[in-house]
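Quick notes on the structure that follows.
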Amino acid sequence: MTTPRVRYFAYSSNMLTDRLRERVPSATAIGIGQLAGHALRWDKRSSRDGSGKCDAEATGRQDDVVWGVIFELDPEDKPALDQAEGLGAGYMEKTVHVLTEAGPVAAVMYYATDKDPSLRPYHWYKALVIAGAREHGLPASYRSRLELVVTVSDLKAARADTHK
């Protein structure tokens with residue numbers, strides 16, 4: 001009997017398939033969907049560089065929606081994803097029900113616990129999020145909202161260059 005694959009809802013830079021596969025080689029996109037009652041924020045403090053990273057913050061308002069990509073991955077790859085995301089140190093996880101064209105899909109997602117609303121993302125990070133949204137065909141109106149997010153420059157050129 002095979003162990004079922006883990007379903008993961010990516011809504012940030014992990015929407016970009018190549019980026020996620022660097023961390024989790026078995027990741028396979030199975031579709032896009034929306035998470036109602038959540039709003040995309042850029043206020044999660046990065047433990048690596050101090051900049052703002054994405055959070056799907058629960059608001060309870062059904063009009064608030066975060067779009068993302070549902071991936072399946074092998075269960076043995078989940079610990080690597082947990083480590084890359086900082087599970088227990090800035091992010092926690094929960095199971096959510098993502099609305100897809102085929103109906104609701106249960107998937108795990110990470111949500112921020114170390115937040116600061118004054119934070120802004122680096123330009124390169126926002127570009128990764130937008131690239132993932134474009135790759136998977138998230139709605140144009142949602143991508144347009146991503147474009148409006150204010151960024152700050154990464155003063156470490158070498159780090160910024162690795163993400164171009």
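The values are calculated or read from the model by the stated rules, or taken from the named source; none is laboratory data. Predicted model, so just to flag it, every value in this text is computed and none were measured. All Cβ positions, glycine included, derive from the backbone under ideal geometry; neighbour counts span all protein chains shown.
Determine whether region 56-73 contains at least one residue that is of a type outside the set (Lys, Arg) and farther than 23 Å from LEU146 by Cα. Before the answer, list the steps.
Initially, region 56-73 is screened for residues of a type outside the set (Lys, Arg), giving 56-60, 62-73.
Restricting the remaining residues to those that are farther than 23 Å from LEU146 by Cα gives 72-73.
Yes, region 56-73 contains at least one residue that is of a type outside the set (Lys, Arg) and farther than 23 Å from LEU146 by Cα.
If I filter region 132-164 down to residues being of a type in the set (Gly, Ala, Ser), in contact with a helix residue (DSSP H, G or I) (Cβ under 8 Å, 6 or more places away or on another chain) and modelled with pLDDT of 95 or more, which single residue comes out as nearest to GLY68 (Cα to Cα)?
Residues of region 132-164 that are of a type in the set (Gly, Ala, Ser), as a first pass: 132-133, 137, 140-141, 144, 153, 157-158, 160.
Pick out the ones that are also in contact with a helix residue (DSSP H, G or I) (Cβ under 8 Å, 6 or more places away or on another chain) and you get 132-133, 153, 160.
Cutting the leftovers down to modelled with pLDDT of 95 or more gives us 132-133.
Working: GLY132: 9, ALA133: 7 Å.
By that ranking, first place goes to ALA133.
For the subset of region 90-129 comprising residues that are assigned to a loop (DSSP other than H, G, I, E, B) and among the polar types (S, T, N, Q), which member is surrounded by the most Cβ atoms within 10 Å (Cβ to Cβ)? Lay out the reasoning, then the answer.
In the first step, residues of region 90-129 are kept if they are assigned to a loop (DSSP other than H, G, I, E, B); the result is 90, 101-102, 113-114, 116-121.
From the residues that got through so far, the ones that are among the polar types (S, T, N, Q) too are 113, 118.
Values: THR113: 14, SER118: 6.
Filtering first and then ranking leaves THR113.
What are the residue pairs meeting all of these: first residue in region 45-71, first residue more than 21 Å from ILE130 (Cα to Cα), second residue part of a loop (DSSP other than H, G, I, E, B), Cβ atoms under 7 Å, and 6 or more apart or on different chains?
Hits for this filter: SER47/GLY86; SER47/ALA89; SER47/GLY90; ALA58/GLY37; THR59/GLY37; GLY60/GLY37; ARG61/GLY37; GLN62/GLY37.
Does any residue of region 22-40 turn out to be in contact with a Ser or Thr (Cβ under 9 Å, 6 or more places away or on another chain), closer than 23 Å to ASP154 by Cα and at pLDDT below 95?
Checked region 22-40: no residue is in contact with a Ser or Thr (Cβ under 9 Å, 6 or more places away or on another chain), closer than 23 Å to ASP154 by Cα and at pLDDT below 95.
Please state which of the following conditions ALA80 fails to meet, knowing it meets all the rest: (1) outside any strand (DSSP E or B); (2) among the aliphatic types (A, V, I, L, M); (3) buried (at least 17 other Cβ atoms within 10 Å of the Cβ).
Only one criterion is unmet by ALA80, namely (3).
I'd like the full set of residues that are surrounded by 15 or more Cβ atoms within 10 Å (Cβ to Cβ) and part of a helix (DSSP H, G or I), limited to region 136-158. Write out each step before concluding.
Taking region 136-158 as the starting set, the residues that turn out to be surrounded by 15 or more Cβ atoms within 10 Å (Cβ to Cβ) are 136, 138, 142-143, 146, 149, 151, 154.
Of everything in region 136-158, those that are surrounded by 15 or more Cβ atoms within 10 Å (Cβ to Cβ) and part of a helix (DSSP H, G or I) turn out to be TYR142, ARG143, LEU146.
Identify the residue in region 1-36 that is small (Gly, Ala, Ser) and within 13 Å of LYS78 (Cα to Cα) and, among all such residues, is farthest from the chain's Cα centre (by Cα).
Initially, region 1-36 is screened for residues small (Gly, Ala, Ser), giving 10, 12-13, 26-27, 29, 31, 33, 36.
Checking which are within 13 Å of LYS78 (Cα to Cα) leaves us with 26-27.
Details: SER26: 17, ALA27: 14 Å.
Among those residues, the one meeting the criterion is SER26.
Just one of (1) buried (at least 21 other Cβ atoms within 10 Å of the Cβ); (2) in contact with an Asp or Glu (Cβ under 6 Å, 6 or more places away or on another chain); (3) of a type in the set (A, V, I, L, M) trips up ILE30, so point out which.
Just one mismatch for ILE30, condition (1).
Return the residue satisfying two criteria in turn: it lies in region 48-77 and is more than 28 Å from ALA102 (Cβ to Cβ) and crowded, with 18+ Cβ neighbours inside 10 Å, and of such residues it is farthest from the chain's Cα centre (by Cα).
From region 48-77, those more than 28 Å from ALA102 (Cβ to Cβ) are 48-53; that's our starting set.
In the following step, the residues that additionally are crowded, with 18+ Cβ neighbours inside 10 Å were identified as 51-53.
Values: SER51: 15, GLY52: 13, LYS53: 9 Å.
Here the residue is SER51.
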